[in-house]
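Read the figures in this text as sums done on the coordinates, not as results from a lab. Source: prediction; values computed, not measured. Every residue, glycine among them, receives a Cβ derived from its backbone with ideal geometry; neighbour counts consider all protein chains shown.
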Amino acid sequence: MFKYTGYYLDDDIVPHRTFDCFMPEKVTRKTALFFVHGGGWTNGNTDNYHRIMHAYCGRGYICGTTTYRLLPPGGPGKLSAVDQLKDVRESFANFVGVLQEQGISSPRVAVFGTSAGAHLASLLVCAEPGECGEKCDLPGPWIKPACGLLQSLPATFEPWEETYPAMWGMMERAAGGTWEDAPEKFRNLSLARFIRPDNPPLFFMEAQIEELFPSRLNVPLYEKHKAWGIPSRMKTYKYAEHGFFYDLSRPIQREAFEDIIDFTTSLENGK
C-alpha cells in the first residue's frame, strides 16, 4: 500500500509544472528516489515511472517524479532546456520540502533520469542552482541530491562524430538555437562542464545497444570521478536498448531495479 499525491508548482496552474509523490505505508529506506522522464525534451509524463515507483514503494522507498514544460514542435521557440531545468529543480526542491514535512530533517534523495531526463537530472545533480542560466523560485535553501542515476545520458551538447541527425535537431531545439550561432548555449547544457570534485556520486547506466548517445562519451566523466575518489559507478547492460528502464517486465529491467537499490544502499553505508 502507498499514498499518492500530485502537486502543482504554481497557484495559477501551469501545465507540466507538477510532481508526484508516492509514500509507502512504512518507510524503511534512508534514501528517497526522484525520477525525471525522458522523451527528447518534447514528450513524456510522470506516468512513465508510476509502475517502477510502486515497486520501489513496496521496498520501503519514498518516491517522487516530475514532469516539465515540453518543447513545442518545430524549430527553436521561447522554451528551452534551461526552462525545463528550472521546472525540474523547483519540483525537486518542493519534493525535498515534502520529505521535511514528514519529519525527515536531512533528506537524502537519489535522482534518476533517462535520455533527455538523464540530461536534466545530471544538471540538477551536478550544477548549482542558476549555473545553467535557470532562474528558480526555491522554497528554501538548496539541498543537493545524494547521487545521480543516469540511464542513456547525453553527457555533452557539443557535436560529436556520427551525431544522429534527428536527435541533434532535438538538441538544437533544447538549446534554443543552432551550434553555429550560439555554441556557448550548448556548452552550458553539457554535464561535462560541471564535472568536478564536489559532485555527488553518479551511476552511469549504459545500454549495450545505444543508438543515440554513445557510452564512450561518458567514460571520461566517470574516470574523472574515480580519480577524485568519488564512488561513482558505470555499468553496461547487455542486449539493452536506449531508454530500456521504463518497466519491470524484462530481466534486464529487474536487474537495473536491483542495481539502483544496491548503489544507493552502498552510499548510505559509506562504500
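The figures follow:
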item: Whole-angstrom Cα spans of segment 146-271 along principal axes, big to small; result: 47, 35, 21
item: Potential lengthening between Asn45 and Lys135 on full extension [0.36 nm per residue; Cα-Cα distance subtracted]; result: 30.1 nm
item: Val27 paired with Met1, simple spin-label distance in nm, labels 7 Å along Cα-to-beta-carbon; result: 1.8 nm
item: Built amide H within the under 5 Å cut-off of Leu149, gap 5+; result: Val111, Phe112, Gly113, Phe203
item: Segment 1-44 versus segment 210-251: alpha-carbon centroid distance in Å; result: 24 Å
item: Residue-wise HN-Hα coupling along segment 190-196, computed from phi with Karplus coefficients 6.51, -1.76, 1.60 (Hz; x: Gly, Pro); result: 9, 4, 3, 5, 10, 7, 7
item: Backbone HN-Hα couplings from phi across segment 156-171 [Karplus 6.51/-1.76/1.60, Hz, Gly and Pro as x]; result: 9, 9, 8, x, 10, 4, 6, 4, 5, x, 5, 5, 4, x, 5, 5
item: Contact order normalised by residue count of the chain, Cα under 8 Å, 6+ apart, percent; result: 17 percent
item: Lysines with Cα under 21 Å of Lys144, excluding same-chain neighbours fewer than 8 positions away; result: Lys30, Lys86, Lys135, Lys224, Lys226, Lys271
item: Cβ-defined net charge surrounding Pro154, 15 Å radius [Lys, Arg +1; Asp, Glu -1]; result: -2
item: Derived scalar couplings ³J(HN,Hα) [segment 12-22; Karplus, 6.51 cos²θ - 1.76 cosθ + 1.60; whole Hz; x for Gly, Pro]; result: 8, 4, 10, x, 6, 8, 9, 9, 10, 10, 10
item: Other-chain or far-sequence residues with amide H under 5 Å of Met234's (modelled H); result: Phe204
item: Whether segment 91-209 is rounded, prolate or oblate, judged on the alpha carbon gyration tensor where a/c under 1.5 counts as rounded; result: prolate
item: Volume per residue that the Cα convex hull of the chain spans, once the total is divided by residue count, Å³; result: 124 Å³
item: Per DSSP, loop GluC sites (Glu not before Pro) in segment 8-116 with at most 13 further Cβ within 10 Å; result: Glu25
item: Packing-based ranking, highest mean first, of 178-190, 141-153, 196-208, 116-128 given that Cβ atoms within 10 Å are counted; result: 116-128, 141-153, 196-208, 178-190
item: Cβ-derived FRET efficiency at R0 25 Å, Trp228 paired with Ala55, nearest 0.05; result: 0.15
